[in-house]
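To keep things clear, I will list the structure first and then write my remarks on it.
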Amino acid sequence: MPLDSSVTPSKPKQVTESEYWDKYYDYADVSYEWNNGLLEEKPVSDHENVLMYLWFVELLREFLRVKRVANLTVLEMGFKMNLPHKTVIRKPDLGVVLNNNPIPLQLQDRSYKGVCDMCIEVVSDSKPEEIERDTDTKLGEYEAAGVKEYYILYTKGDAMAFYRLNRHGVYVPIKPVFGDVIQSQVLPCFQFRISDLLNQPTPEQMAFDSVYEKFVLPYYQAEKKARQAAEEKIKRLEAKMARLIKS
């Protein structure tokens, strides 16, 4: 489908919700969200931020291979939020839906029918309004909808942030522990260093890191420990044989 030239970031097009689902939700050339009757083009992040996003996605996948407690939605899967003063349909860059969510994510779903338990957005910064949408507008929307945790990823500036709903249903910043480690309550035992979002260590490097060792490459860890134990055993036997020969 060709690009709809009537829709630009500075001139959003007004469409009904049914028109959005029928024509624009899975638009071929551009990803659109729907904000209370207005189409909003979902901008593309730069390569540096995409690399950080891909690292974080793989970290979450490593966790969910070990702890099968949730499923992920990515990029083009949206969900509808009926908020007190408006209705919006957002496509988070990454969404987490717990297995115990009242509305489970089905394999055949093309949109999620419930509210995500966690949303992650990677800031697009080609225009100030794009930064504001991720750091302010969506912050308020996800809070009002009851998204339990909201992570904003960004490689530059101070827009990177991590929020959790408190008991009053208000987002508060998640306080890092052990320096710069963010620990999730939505996904117990899932944690990461803020600095590693930028450094992006490999899974092999994380496997024996105390922050990640409980869920990154457990089979690799077991194999390496078994190999090390076998090598130590061989060394002890060789040392014993050497002593016997000398005697």
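The values are calculated or read from the model by the stated rules, or taken from the named source; none is laboratory data. It should be emphasised that the depicted structure is a prediction, and the values quoted were computed from it without experimental measurement. Cβ coordinates were reconstructed from backbone atoms using ideal geometry, including for glycine residues, and neighbour counts include every protein chain displayed.
Only residues that are aromatic (F, W, Y) and either surrounded by fewer than 19 Cβ atoms within 10 Å (Cβ to Cβ) or under 20 Å from L198 (Cβ atoms) (or both) were counted across the stretch 122-149, and they come to 0. Residues in the stretch 33-92 that are assigned to a strand (DSSP E or B), without any contact (Cβ under 8 Å) to a residue 40 or more places away in the chain, within 17 Å of M118 (Cβ to Cβ) and touching a Phe, Trp or Tyr at 6+ places or on another chain (Cβ under 7 Å): F79 only. Annotation note: of L59, L54, L64, L72, the sole residue that is loosely packed, with under 14 Cβ neighbours inside 10 Å and farther than 21 Å from K86 by Cβ is L54. For first residues located in the stretch 195-218 and more than 16 Å from V50 (Cα to Cα), partners that are among the aromatic types (F, W, Y) and lie 6+ apart or on another chain with Cβ distances below 6 Å form the pairs M206/Y212; A207/Y220; F215/F63. Checked against (1) farther than 29 Å from S210 by Cα; (2) in contact (Cβ under 8 Å) with a residue 40 or more places away in the chain; (3) in a loop (DSSP other than H, G, I, E, B), A144 meets all criteria but (3). Selection of the stretch 104-116 for residues being assigned to a loop (DSSP other than H, G, I, E, B) and within 26 Å of E40 (Cα to Cα) yields L105, Q108, D109, R110, S111, K113, G114, V115, C116. A28 satisfies every condition listed in (1) in a loop (DSSP other than H, G, I, E, B); (2) crowded, with 19+ Cβ neighbours inside 10 Å; (3) among the aliphatic types (A, V, I, L, M) except (2). Name the single residue that is modelled with the lowest pLDDT among those in the stretch 1-56 being under 21 Å from D125 (Cβ atoms) and polar (S, T, N, Q). Checked the stretch 1-56; the qualifying residue modelled with the lowest pLDDT is S10. Could you tell me which residue of the stretch 93-103 is nearest to the chain's Cα centre (by Cα), considering only residues that are assigned to a loop (DSSP other than H, G, I, E, B) and surrounded by 13 or more Cβ atoms within 10 Å (Cβ to Cβ)? In this case the residue turns out to be D93.
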